[in-house]
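Chemist: The structure that follows is given in the form of structure tokens.
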Amino acid sequence: MGIVYHGNYAQFFELGRTEWLRSLGVTYKDMEISGIMLPVISLKCNFIKPALYDDVLTITTFLKKKPMVKIEFDYEIKNQENELICTGNSVLAFMKMKTMKPTRCPDYLLKSLGFD
């Protein structure tokens, strides 16, 4: 069909989120080493126009508010013509890997996000 499969957008959001965190000096690997994981608990996607094969996509990630036990992101995906093709939102929960229980956002992450 020449159109990007809708299921790929969750992966696009993940790429945007992980690269945004990486730009702040935070990686998922480091969080996992410290015993924290971030499972997705909510995912929304609003399709505005289709992404086509070979389109160059730009994913912009926004932090919605100060993270507590949850962290919420908004996303915009634009094509090479700077046309908005998709918006989205995801909510992730901070969880301790050993206990599988929710926990507060780690202090080092709050500091990296500018919430010292």
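All of the numbers you see were taken from the coordinates with simple rules; none came from a lab. Since we're looking at a predicted model, the values are computed, not measured. Cβ: placed from backbone, ideal geometry, glycine included. Neighbour counts: every protein chain shown.
Chemist: What is the number of the single condition among (1) assigned to a helix (DSSP H, G or I); (2) over 23 Å from CYS86 (Cα atoms) that PHE13 does not meet?
Modeler: Against the list (1) assigned to a helix (DSSP H, G or I); (2) over 23 Å from CYS86 (Cα atoms), PHE13 comes up short only on (2).
Chemist: Quick check: is even one residue across the range 68-80 part of a strand (DSSP E or B) and among the aliphatic types (A, V, I, L, M)?
Modeler: Yes: the range 68-80 contains one or more residues that are part of a strand (DSSP E or B) and among the aliphatic types (A, V, I, L, M).
Chemist: Now, a different point. If you scan the range 89-116, which residues turn out to be touching a Lys or Arg at 6+ places or on another chain (Cβ under 6 Å) and not in a loop (DSSP other than H, G, I, E, B)? Let's see the steps before the verdict.
Modeler: Within the range 89-116, the first condition is being touching a Lys or Arg at 6+ places or on another chain (Cβ under 6 Å), and the residues that meet it are 89, 91, 93, 103, 115.
Within the range 89-116, ASN89, VAL91, ALA93 meet the criteria.
Chemist: Could you list, in sequence order, all residues of the range 22-33 that are without any contact (Cβ under 8 Å) to a residue 60 or more places away in the chain and either surrounded by 14 or more Cβ atoms within 10 Å (Cβ to Cβ) or not β-branched (Val, Ile, Thr) (or both)? If you could, list the steps in order and put the result at the bottom.
Modeler: Within the range 22-33, the first condition is being without any contact (Cβ under 8 Å) to a residue 60 or more places away in the chain, and the residues that meet it are 22-23, 27-30, 33.
Those that are without any contact (Cβ under 8 Å) to a residue 60 or more places away in the chain and either surrounded by 14 or more Cβ atoms within 10 Å (Cβ to Cβ) or not β-branched (Val, Ile, Thr) (or both): ARG22, SER23, TYR28, LYS29, ASP30.
Chemist: Please work out which residue is surrounded by the fewest Cβ atoms within 10 Å (Cβ to Cβ), limiting yourself to the range 34-64 and to residues that are in a loop (DSSP other than H, G, I, E, B) and within 13 Å of the chain's Cα centre (by Cα).
Modeler: Start the filter on the range 34-64 by keeping residues that are in a loop (DSSP other than H, G, I, E, B), which leaves 34-35, 38-39, 48-51, 53-57, 64.
With the extra rule that they be within 13 Å of the chain's Cα centre (by Cα), the set shrinks to 38-39, 64.
Details: LEU38: 21, PRO39: 9, LYS64: 13.
In this case the residue turns out to be PRO39.
Chemist: If you scan the range 16-26, which residues turn out to be among the β-branched types (Val, Ile, Thr) and either part of a helix (DSSP H, G or I) or within 15 Å of LEU92 (Cα to Cα) (or both)? If you could, list the steps in order and put the result at the bottom.
Modeler: Going through the range 16-26, the residues among the β-branched types (Val, Ile, Thr) turn out to be 18, 26.
Residue satisfying the conditions is THR18 alone.
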